[in-house]
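Presented below is the structure to which this report refers.
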Amino acid sequence: MRRHIKILEYALSSLVRRKYKNLAILLVYTFTIMLLASILFLTHALKQEASFLLLDAPDLVVQKMAAGRHDLIPVQYARAVEKIRGVKKASPRHWGYYYDALTRSNYTVLGIDTGMPGLHLVEGSLPSDKGQCAIGTGVAAVRSVGVGDELIIVDSHNTGTAYEITGTFSAQSNLLTYDLVVLTRGELMRFFGLPADRATDIAVEVHNEREVPTIAAKIRQVLPDTRPITKNEIIRTYDAVFNWRSGMMLVIFSSALIAFCILAWDKATGISAEEKREIGILKAIGWDTSDILELKFWEGAALSLTSFLLGSIAAYVHVFFFSASLLAPVIKGWSVLFPEFRLTPSIDFYQITVMGFLTVVPYIASTIVPSWKAAITDPESVMRT
Amino acid sequence: MEHLIHTEEITKIYNPRKPDEMRALEGVSIQINRGEVVALKGPSGSGKTTLLSLIGCMGRPTSGRIVVEGRDVAKLPERFLTAIRRSTFGFIFQQFNLLRDVSVIDNVLLPLYPVDIDVPAMQQRADRLLDTLGIGAKRHLKVKQLSGGEQQRVAIARALINKPTVIIADEPTAHLDRQLATDLLAILEQLNREGKTIVIATHDPLVHEHPFITKTIGMRNGRIEGVVQR
């Protein structure tokens with residue numbers, strides 16, 4: 001054990017001795033890991049956000065289709081759906097999007113009767129009157145308003161309407177409420193000019209989750225102009241979109257990876273004359289090949305693990321404290337209309353382990369292999385230098 | 001005196017069967033007894049350094065036998081050669097072969113890093129050696145800050161840190177002025193008095209004509225030209 005500790009000490013002092021070269025490698029390596037980890041953290045966090053979002057989502061959402069597009073659905077469709085065996089409840093939902101030209105942001109506007117599952121107010125209460133609203137923290141931030149203030153937005157008749165803010169939201173996921181404006185259902189219908197017999201879509205709850213696909217098929221049969229979307233389909237879509245985007249990002253990022261590989265390869269094949277001489281000296285004065293490999297292992301491990309740790313921490317800070325400002329437009333989409341939101345910290349340790357394996361191990365190997373080549377040669381050469 | 005090291009008809013060929021093949025040694029047989037001070041004498045290219053490196057288990061002969069303390073080392077696996085090199089030999093190289101950016105004390109301690117010995121004992125041994133050689137005050141300086149003579153002493157301290165039986169020195173006076181060379185020979189003489197066997201490759205008359213040399217082996221073109229026992 002003593003022997004290993006001494007070799008580790010020597011390895012660390014060797015790294016310090018070649019500080020400029022190693023510092024340069026450390027910086028490039030850390031930056032590479034940071035980018036890679038940022039993509040993984042961001043993708044995972046977004047998927048996690050999406051799954052939080054869908055925790056309280058209905059088992060099925062039924063949309064009316066017209067000319068291949070989503071249209072307003074007749075409210076009486078809810079009764080037809082409720083008659084299908086296995087359906088617990090079918091409720092028409094009224095919601096829409098509002099583009100706020102003032103802040104160049106899109107808000108989601110939702111109409112409610114009483115409570116709303118999955119949402120918790122951080123301050124105040126839900127609207128109970130047509131002149132009231134509750135807003136998400138993102139809306140509050142971009143409009144610089146809070147409980148007791150007024151939110152003025154322009155309705156479908158191009159008339160500005162002032163709403164008293166009765167509450168601001170908090171939720172397990174910011175993604176759910178950040179851009180939300182909640183009105184009473186009647187006021188929302190007036191605001192958007194929705195006909196009284198129409199809703200945006202219908203939320204369906206079923207008794208047995210395993211029957212969702214069967215019920216969806218039955219809805220399609222009974223109401224052929226509708227499109228039932230299951231919760232699982234939405235989850236799969238989120239996964240596919242975020243995986244596709246992170247994959248695309250990884251492809252773009254691959255140039256950085258390739259640059260790093262070239263650096264590692266250069267290091268691997270380009271063991272300097274000075275390093276070769278040092279290996280020769282160590283062998284001549286009694287170091288075994290295995291001692292030199294251990295020395296190079298510690299050097300590679302110290303450098304790559306430090307980079308990995310720093311890169312991962314930097315990625316965590318970048319993604320969860322600075323909302324992944326470098327990557328978010330690519331992964332979340334390029335729209336500038338959605339308000340910014342802060343991601344809930346969430347890390348997949350399996351991904352971290354795989355990333356560690358794919359970055360640390362090749363680097364250590366690239367450090368050891370050329371040293372091994374130098375170490376297996378007879379130390380006699382050192383006598384001639 | 002018993003034979004500490006002997007070689008039997010050793011040959012060393014570099015790059016065999018290639019256009020740049022070079023026969024460095026040809027049928028060399030020598031004996032080195034315990035406690036002797038042997039000078040390998042000859043011009044550049046005569047094979048002195050090659051013979052030293054083979055005796056010191058740093059390389060293997062192309063043919064022939066090398067016996068060190070009763071063991072034929074010519075065909076031993078690498079790890080056994082390392083163990084013998086570590087326990088039996090201390091090397092003083094022509095160019096010192098010190099790590100210039102490393103402190104004096106750490107250079108001296110280098111051979112002990114892969115040895116299972118505790119750090120305070122290592123430090124104590126190195127400090128004693130550096131004090132004996134008169135460079136104890138400079139133990140924390142980097143080697144590149146030392147003069148040539150001081151670097152030579154660091155190399156000697158490093159050669160002695162493992163308490164070797166045999167000291168192998170390759171042209172130890174090549175980069176020293178006359179005074180420093182005389183000082184070095186005094187140190188080697190003292191070490192010999194303490195029981196070390198010393199093998200020196202040199203073409204410096206100051207060394208091979210020194211009274212403490214007990215045997216001079218003349219070499220030319222990779223062969224033994226003559227042996228003079230004093």
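What the table shows:
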| read-out | value |
| --- | --- |
| Selection status of A:Ser13, in a helix (DSSP H, G or I), of a type in the set (Ser, Thr, Tyr) and surrounded by fewer than 19 Cβ atoms within 10 Å (Cβ to Cβ) | yes |
| Yes/no for B:Glu171 being at positive phi and acidic (Asp, Glu) | yes |
| Search result, residues across segment A:92-101 that are over 20 Å from A:Thr177 (Cβ atoms) and either free of Cβ contacts under 8 Å to residues at least 60 places away in the same chain or polar (S, T, N, Q) (or both) | A:Ala101 |
| Hey, B:Leu191 among the hydrophobic types (A, V, I, L, M, F, W, C), closer than 22 Å to B:Asn107 by Cβ and free of Cβ contacts under 8 Å to residues at least 60 places away in the same chain or not | yes |
| Helices (runs of 4 or more DSSP H) within segment A:270-333 that include 3 or more residues at the interface with chain B (Cβ under 9 Å from one of its Cβ atoms) and either more than 30 Å from A:Met34 (Cα to Cα) or modelled with pLDDT of 90 or more (or both) | A:273-284, A:289-316 |
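Conditions (1) away from chain B (no Cβ under 14 Å); (2) farther than 21 Å from A:Lys231 by Cα; (3) among the hydrophobic types (A, V, I, L, M, F, W, C), marked per residue:
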site	(1), (2), (3)
A:Ser13	no, yes, no
A:Leu26	yes, yes, yes
A:Leu54	yes, no, yes
A:Ile73	yes, no, yes
A:Glu82	yes, no, no
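The values are calculated or read from the model by the stated rules, or taken from the named source; none is laboratory data. Everything quoted here is computed from the prediction, not taken from an experiment. All Cβ positions, even for glycine, are placed from backbone atoms using ideal geometry, and neighbour counts span all protein chains on display.
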